[in-house]
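The values are calculated or read from the model by the stated rules, or taken from the named source; none is laboratory data. Quantities reported herein were computed from a predicted structural model and do not represent experimental measurements. Glycine also receives a Cβ, built like all others from the backbone with ideal geometry; neighbour counts cover every protein chain displayed. For accessibility, only protein heavy atoms count, side chains too; no ligands or nucleic acids. Shrake-Rupley method; radii C 1.70, N 1.55, O 1.52, S 1.80 Å.
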Amino acid sequence: MRSKTPAPAVAQTVLSTLRSPRLLKTEVLAGLVVALALIPEAIAFSVIAGVDPRMGLFASFTMAVTIAFVGGRPAMISAATGAVALVIAPVVASHGVQYLVPTVILAGILQILLALAGVAKLMRFIPRSVMVGFVNALAILVFSSQLPELIGVPWLVYPIVAVGLVIVFGLPRLTTAVPAPLVAIVVLTVAAVAAGWKIPTVGDKGALPDSLPALLFPDVPLTAETLQIIAPYALAMAFVGLLESLLTAKLVDDITDTRSSKPREAAGQGIANIVTGFFGGMGGCAVVGQTMMNVKASGARTRISTFLAGVFLLILVVVLGDIVALIPMAALVAVMIFVAWAAFDWHSIRPSTLRRMPKSETAVMGITVLATVFTHNLAIGVGAGTLAAMVLFARRVAHFVTVQREAADDGGTVTYRVQGELFFASSNDLYTQFEYALDPADVLIDLSASHVWDASTVAALDAITEKYRTRGKTVRIAGLNDSSDAIRSRLSGQLGG
């Protein structure tokens, strides 16, 4: 296994980028593109959470800037997200916005504790088919989130989107000197303003803030009752935020062919949410769509782009709010459609791939996609996909256990040779594969080609031994490896009926 990138190496990468005008330009322009795309989404997520748009915009600023320093995955974007908005919306609706700030702060604390507890290591249990389903579901959600901007709008929106798509898909074939999404946004904004087109703009999404975020303290009683109110929402936010962030980090690892520190990323998300809470933000986590825009569409690779995305966002909404408000939503729709297209794993649905892929793998990918799309919650989708993968794996492995009966020439002894992994799925019907009435008085069960994994198997062996004992026959169990013998010695006879 390759070692994680050490902190000095990360600092060296940033310094080398700062010394290179070409690399620095890529990071700066990537941060600007991401900042422009974050504005309408942050406002939209604020609406979902039931809070003022400023809480979403300030959260995107503080999350991006903080995670640029404390996160474990360079170039990944963290900001206000729809997943977090859905989780915290109930606490705002039932107890008021004043309870949101302590919820976000507590969620950050919980994320740090989960990072220290090693929650990032659980990522190894998420199968590749779930990851593919996660990516495809994300692409579908990004695309579907743009559909409201294409329904019930002036007819001019459609040709503007089409021109935007031509730019973002076609310009990279001519030059990559400037990110195609930025060119599309600038060109279409200038054209719309110059022509005076009456089309939806960013300003129509909500009022932009005109002042900097201020440090504040939760305006709620610091009592056990308050903790009881916010704890369930904070725990849900912590888990959802970490899951989406760690999956996004793994996705960027694959795209950039580099490794990142998942424990540091998990703790960094907690620190960023604590900072965001104290500045009155709604909290957040990694934003997959904007991360793909930053890494895949714009080519950013360092923390500089993440930091500048937050800085540019604040400058755009506070200082240049009047100009940003003029950006046509159609331009951003074109960019997000491109992001959805680029994020989707088209190889995974090719007929040739589907023919080669085991049906169980395809089923897991489909379950992940469907669960995510129908619930609009990436955490639920990944959970459903992982559960399906575990069930299908257990079912598949259970069929690998074989029991062979060999009788001695004199008929006085019979040997059962058990081969395969013995756990709850494979050992539940193990006791049915023995000839209790026909076997002689001496029975040997050879487990040298198997492994005992759990209490279910020990209980099954106890049941087999008891069935022979009631018939006056003796059972010997042999061939257990050290760990199998240890678990059987500890549990045998202690599991009740």
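Listed residues A425, A408, A441; which is among the hydrophobic types (A, V, I, L, M, F, W, C) and closer than 28 Å to V364 by Cα? Spell out how you get there, then give the answer.
Details: A408 fails: closer than 28 Å to V364 by Cα; A441 fails: closer than 28 Å to V364 by Cα.
Only one candidate passes the filter, namely A425.
Every residue, every condition in (1) of a type outside the set (A, V, I, L, M, F, W, C); (2) in contact (Cβ under 8 Å) with a residue 40 or more places away in the chain; (3) surrounded by 14 or more Cβ atoms within 10 Å (Cβ to Cβ), yes or no:
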residue	(1), (2), (3)
V382	no, yes, yes
L392	no, no, yes
G411	yes, no, no
S426	yes, no, yes
D429	yes, no, no
L444	no, no, yes
H451	yes, no, yes
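Among the residues of region 395-408, which ones are open to solvent by 100 Å² or more (accessible area, probe 1.4 Å) and at pLDDT 80 or above?
Taking region 395-408 and keeping what is open to solvent by 100 Å² or more (accessible area, probe 1.4 Å), we get 395, 399-400, 404-405.
Answer for region 395-408, where residues must be open to solvent by 100 Å² or more (accessible area, probe 1.4 Å) and at pLDDT 80 or above: Q404, R405.
Whether any residue in region 361-376 is hydrophobic (A, V, I, L, M, F, W, C), free of Cβ contacts under 8 Å to residues at least 40 places away in the same chain and touching a Ser or Thr at 6+ places or on another chain (Cβ under 6 Å) is what I want to check.
No - not one qualifying residue is present in region 361-376.
Being assigned to a loop (DSSP other than H, G, I, E, B) and free of Cβ contacts under 8 Å to residues at least 60 places away in the same chain is the filter here, so list the residues in region 181-201 that pass it.
Just the residues of region 181-201 that are assigned to a loop (DSSP other than H, G, I, E, B), to begin with: 196-200.
Matches in region 181-201: G196, K198.
Can you find, within region 16-57, the residue that is nearest to S94 (Cα to Cα) among those that are open to solvent by 10 Å² or more (accessible area, probe 1.4 Å) and small (G, A, S)?
Within region 16-57, the match that is nearest to S94 (Cα to Cα) is G50.
Let me spell it out: the conditions are (1) assigned to a helix (DSSP H, G or I); (2) surrounded by 19 or more Cβ atoms within 10 Å (Cβ to Cβ); (3) modelled with pLDDT of 90 or more; (4) among the basic types (K, R), and R73 meets all of them except one. Which number is the exception?
All conditions pass for R73, except number (1).
Condition check ((1) surrounded by 15 or more Cβ atoms within 10 Å (Cβ to Cβ); (2) in a helix (DSSP H, G or I); (3) at pLDDT 95 or above) across all residues:
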| residue | (1), (2), (3) |
| --- | --- |
| V153 | yes, no, no |
| A162 | no, yes, yes |
| V168 | yes, yes, no |
| R173 | no, yes, no |
| T176 | no, no, no |
| G203 | yes, yes, no |
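Test L110 against the stated conditions and say whether it is assigned to a helix (DSSP H, G or I) and modelled with pLDDT of 90 or more.
Yes; evaluated as a whole, the condition is true for this residue.
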